[in-house]
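Contents: one structure, followed by commentary.
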Amino acid sequence: MSDPRVFITGASSGIGGALARHYARRGAALGLAARRGDRLAALAAELSAAGAAAAFAYPLDVTDADALQAAASDFMGRAGVPDVVVASAGISVGTLTECREDVAVIRRILDTNVYGMAATFSPFILPMQRRGRGRLAGIASVAGIRGLPGAEAYSASKAAAIAYLESLRVELFASGVRVVTIAPGYIETPMTAHNPYPMPFMLPVDEAARRFARAIERGASYTVIPWQMGIVAKGLRLLPNWLYDRLFARAPHKPREL
């Protein structure tokens, strides 16, 4: 895919930022959406200097569907219908349902990680269908394959994202628009920097972005990256509940921060 048009949410850091840099090196016209406007503006300037055909910054929250619609319309008016849309915005934080103060955090995680993905894709689907091609890539997680203790909202949101993306993939079958589900394992980003437990098979974020982009280009329906975590995830899925519960009941928890 030469000189692609790419729209990315969660672009100001982490996986989204690494993907933006990857596509910039390929001469892409980029639409960059994230909450942190200052970081986004700096990134857009950096990518324009690094070889991007264009880099348009859209400071917004993905839970604001109207803002996403406006950003999508502006991007398509400037650059055309995108070849790739990546829903990378997400929140990863520990939650405990018994803590009353965490209930609002649970809602925020679900709104961002699930509703925000649908709001990201919505403005682009009909234009892509009319053109007869395109890629919609959603960043899920291996945490959505089995529920993890202390991560009720995060695991639930990623399980929902996996099911949502599968439903969308079937809905758009034969339309020319491919839906790609990427379930990362541990990637070296600010999101994983504070995890107080071992993270096997961790990938540097730039290498992860390269692998993600390759999966997007080939239109993979579902992929776990790195592949080693895919084997681990399949093994966990096969465990009977009684054994899984015993093994993970005392597993370290993700920090409760937002």
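Numbers at a glance
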item	result
Long-range neighbours under 7 Å by Cβ, at least six apart or interchain, first residue under 24 Å from Leu96 (Cα atoms) within region 229-258, second among the acidic types (Asp, Glu)	Arg256/Asp102
Candidates Arg178, Arg169, filtered to the one that is under 22 Å from Arg26 (Cβ atoms), free of Cβ contacts under 8 Å to residues at least 60 places away in the same chain and either assigned to a loop (DSSP other than H, G, I, E, B) or not acidic (Asp, Glu) (or both)	Arg178
Asp61 being out of contact with any Asp or Glu (no Cβ under 7 Å at 6 or more places or on another chain), without any contact (Cβ under 8 Å) to a residue 12 or more places away in the chain and surrounded by fewer than 23 Cβ atoms within 10 Å (Cβ to Cβ)	no
Residues within region 227-258 that are surrounded by 13 or more Cβ atoms within 10 Å (Cβ to Cβ) and among the β-branched types (Val, Ile, Thr), tallied	1
Subset of region 44-74 [assigned to a helix (DSSP H, G or I), in contact with a strand residue (DSSP E or B) (Cβ under 6 Å, 6 or more places away or on another chain) and within 15 Å of Ala18 (Cα to Cα)]	Ala44, Leu47, Ser48
Check on Thr95, within 22 Å of Glu217 (Cα to Cα), among the polar types (S, T, N, Q) and crowded, with 22+ Cβ neighbours inside 10 Å	no
Unique residue being closer than 26 Å to Leu165 by Cα and without any contact (Cβ under 8 Å) to a residue 60 or more places away in the chain when the list is Ala34, Ala87, Ala41	Ala34
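A short reminder: the numbers here are calculations on the coordinates, not readings from a lab. Worth saying up front: this structure is predicted, and the values here are computed from it rather than measured. Glycine gets a Cβ as well: all are built from the backbone with ideal geometry, and neighbour counts include every protein chain shown.
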